[in-house]
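Below is one structure; the comments refer to it alone.
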Amino acid sequence: HVYLNFWLAIICILVLLQAQKELLDYNGIGVSVLEMSHRSSDFNKIINKTESLLRELLNIPDNYKVLFLQGGGSGQFSAVPLNLIGLKEDRCADYIVTGTWSAKAAKEAEKYGKVRVVHPKMDSYTKIPEPSSWTLNPSASYVYYCCNETVHGVEYHFTPETNGVVLVSDMSSNFLSRPVDVSKFGLIFAGAQKNVGCAGVTVVIVREDLLGHALKECPIVLDYKVQVEMNSLYNTPPCFSIYIMNLVLEWIKNNGGSVAMEKLNKQKSSIIYDVINASNGFYVCPVDTACRSRMNVPFRVGKKDGDDTLEKKFLDGASKLGMISLKGHRSVGGMRASLYNAVTLEDTEALADYMREFLKEHQ
Ligand code: PLP
């Protein structure tokens, strides 16, 4: 899945051509970004340009800092509590757990303070508990949620209301797939490898008044204040991944920005959900209609819990047509169509055609 994300990102032809041209000789300076010093003025220009593109594409207000860090989304599961749980004396944090990734984040945060899940535990991750039923703690240091649960295909199409408590969101798998009002958040983080580049770099967007509250145990590389003061260069950053992100952000900008990405992603996901809805139960998506993800469409083939033989046949047939990585995450089984920014409308139509053909043959 992750490898597919990586390759999907670089099939953005401009990105590929640009990276290829510059692979051995960046900007005519005789070295590649792969070997360039992260303290060089050339790399400085790259990281600054990446930041300003991101600021432009997401309309990031001036009182927010942007960081490019290592450690992935999982690193942020630790960095968030290490930096923010000490914002208030009680060291409490509220978590909304709607899938694997928010569950993992909540478990990690328990190491650093009191973590409360604000709704009854769910038997399956197929919906977002009704916001009016959340028991939010006004003394919590922050409220955390995962905006798109990549494994389960549950996506928030609204921003949670927290009555003034700092809101933190993991946007690893829907970052820049749509516009976002950054001013509603205390912190947003996202690994680059789904929608904005390749593995290795994680973006953190943090409101500046939240800096400087890290627990004393916080590893220095995860300390947002230190990294802000050093322009993400406290230690060697993932230079090449930042450079690739720069190219992908240019591609997004040249293709209409976050508004255009949203339009396209709505269109693409509707194409697949329409096939599922019209299949009379042959394809089954377990997720509530209101929170179905535009990025990851999970579905079973043949019946509600999937027919093993048909699912294998479906994957084999897809693979023969060059459609790979459609197998769902091992923890949920079935299929998962990931429709990140780099997947085209034509790619999506090809999958929908195949699904309709398969249905005709096997229903
Ligand atoms: N959060 C979400 C929503 C993810 O989809 C993933 C990985 O797929 C992660 C966090 C973990 O990211 P990483 O593997 O970069 O640590």
I'm told D123 meets every condition in (1) exposed (fewer than 14 other Cβ atoms within 10 Å of the Cβ); (2) touching a residue at least 12 places away in the same chain (Cβ under 8 Å) except one. Can you identify the failing condition by its number? (2)
Restricting attention to segment 126-156, which residues are over 19 Å from N83 (Cα atoms), of a type in the set (F, W, Y) and either in a strand (DSSP E or B) or open to solvent by 50 Å² or more (accessible area, probe 1.4 Å) (or both)? none
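Consider segment 43-74. How many of its residues are away from the ligand (no atom under 16 Å from the Cβ) and aromatic (F, W, Y)?
Qualifying residue count for the region: 2.
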Among (1) within 13 Å of the chain's Cα centre (by Cα); (2) in a loop (DSSP other than H, G, I, E, B); (3) within 12 Å of the ligand (Cβ to nearest atom); (4) touching a residue at least 40 places away in the same chain (Cβ under 8 Å), which single condition is A190 missing? (2)
Report, by residue number, each residue of segment 245-284 that is under 17 Å from M335 (Cβ atoms), open to solvent by 10 Å² or more (accessible area, probe 1.4 Å) and assigned to a loop (DSSP other than H, G, I, E, B). A278, G281, F282
In the set V221, V206, V228, the lone residue that is touching a strand residue (DSSP E or B) at 6+ places or on another chain (Cβ under 7 Å) and part of a helix (DSSP H, G or I) is V228
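For segment 23-76, give me each residue that is among the hydroxyl-bearing types (S, T, Y) and part of a strand (DSSP E or B).
Residue satisfying the conditions is Y64 alone.
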Starting from segment 139-153, take each residue that is without any contact (Cβ under 8 Å) to a residue 40 or more places away in the chain and list its partners that are open to solvent by less than 10 Å² (accessible area, probe 1.4 Å) and within 7 Å of the ligand (Cβ to nearest atom), counting only C-beta distances under 7 angstrom and pairs at least six apart or across chains. C147/D170
Just need a number here: residues in segment 156-180 that are of a type outside the set (G, A, S) and over 23 Å from W251 (Cβ atoms). 13
Among the residues of segment 84-102, is there at least one that is more than 16 Å from the ligand (Cβ to nearest atom), outside any loop (DSSP other than H, G, I, E, B), surrounded by fewer than 21 Cβ atoms within 10 Å (Cβ to Cβ) and touching a residue at least 60 places away in the same chain (Cβ under 8 Å)? yes
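This table checks each residue for (1) modelled with pLDDT of 90 or more; (2) surrounded by 12 or more Cβ atoms within 10 Å (Cβ to Cβ).
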| residue | (1), (2) |
| --- | --- |
| F6 | no, yes |
| L17 | no, no |
| E22 | no, yes |
| R39 | yes, no |
| L53 | yes, yes |
Any idea how many residues of segment 159-186 are within 17 Å of N59 (Cβ to Cβ) and among the β-branched types (V, I, T)? 3
Of the conditions (1) surrounded by 23 or more Cβ atoms within 10 Å (Cβ to Cβ); (2) more than 17 Å from L57 (Cα to Cα), the single one that A192 does not satisfy is (2)
Restricting attention to segment 331-360, the residues that are closer than 20 Å to Q193 by Cα and either outside any helix (DSSP H, G or I) or in contact with an Asp or Glu (Cβ under 9 Å, 6 or more places away or on another chain) (or both) number exactly 9
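The values are calculated or read from the model by the stated rules, or taken from the named source; none is laboratory data. The structure displayed is predicted, hence computed values, not measured ones. Virtual Cβ from ideal backbone geometry, glycine too; neighbours counted across all protein chains shown. With ligands, DNA and RNA removed, areas are computed over all heavy atoms of the protein, side chains included. Shrake-Rupley method; radii C 1.70, N 1.55, O 1.52, S 1.80 Å.
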